[in-house]
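First the structure, in the form of structure tokens, and then the observations on it.
Values in this text are rule-based calculations from the coordinates and carry no lab data. Owing to the predicted nature of the structure, the values given are computational and were not obtained by experimental measurement. Here the Cβ is made from the backbone with ideal geometry for all residues, glycine too, and neighbour counts use every protein chain on show.
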Amino acid sequence: MSTPERSYHLMADSTMLVNNKPFFVPHFAPEFVMHAALAVRIHRLGKNIAPRFAHRYFESVAACAVVEPRGMQANAFDARFTAFDGAFFLGEGVALAGLDTTAGFSVRACAETEPADATATITAEQIHEAVAEASQYFTLKMGDIIVLGSDTEGHRLNIGEHINATVNEKESLKMRIK
């Protein structure tokens, strides 16, 4: 049996920050890093989905970001450091009808320092494969979110920054760091 290519993280509902609410930097770590990504929200119950049918299980993609602490001896599987309140930002979904075969996303962080950008492109095939693979291990339910294509380096969060993210040049996520 082969080893899965992707890793999966399960997070509580309280980790999600929505409606453009500001992210308040916690005090339990000296530094926090944001990883920009794309997310698909599942809208139908499914198990063992074939990649060719995966498009039936989601309607849109959204820009998102996952926050993690840096500069401390945190265990990667310790939920206190990976699934704390507000650790996941989710933007507005962009309908699949507005996408072609690829979903490109970009994130721009603006503050008093120089702006930082992150961009990536994910194909529809990669999205379908991720949904199909996740459904082999988990029963996908309405409201579940699968995060795809995270940048690996990340961006150090600074108080006072404004984060803007787009999906195929359509605004998806806007937030402030406080």
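Using the structure shown, select from LYS47/LYS178; LYS21/LYS47; LYS141/LYS174 the pairs with a Cα to Cα distance greater than 29 angstrom. Among LYS47/LYS178; LYS21/LYS47; LYS141/LYS174, the Cα-Cα distance tops 29 Å for LYS47/LYS178; LYS21/LYS47.
Show me the ranking of peptides 35-45, 18-28 by mean Cβ neighbours inside 10 Å, starting with the highest. Could the numbers behind the result be given before it?
On the way: 35-45: 20.7, 18-28: 12.6.
Going from most to least packed, we get 35-45, 18-28.
Charged neighbours of LYS21, selected by a Cβ distance under 13 Å, balance to +2 (K, R count +1; D, E count -1). Using 1/(1 + (r/R0)^6) with R0 = 22 angstrom and r between the beta carbons of ASP78 and ARG176, what's the FRET efficiency to the nearest 0.05? Plugging the Cβ-Cβ distance into 1/(1 + (r/R0)^6) gives 0.20.
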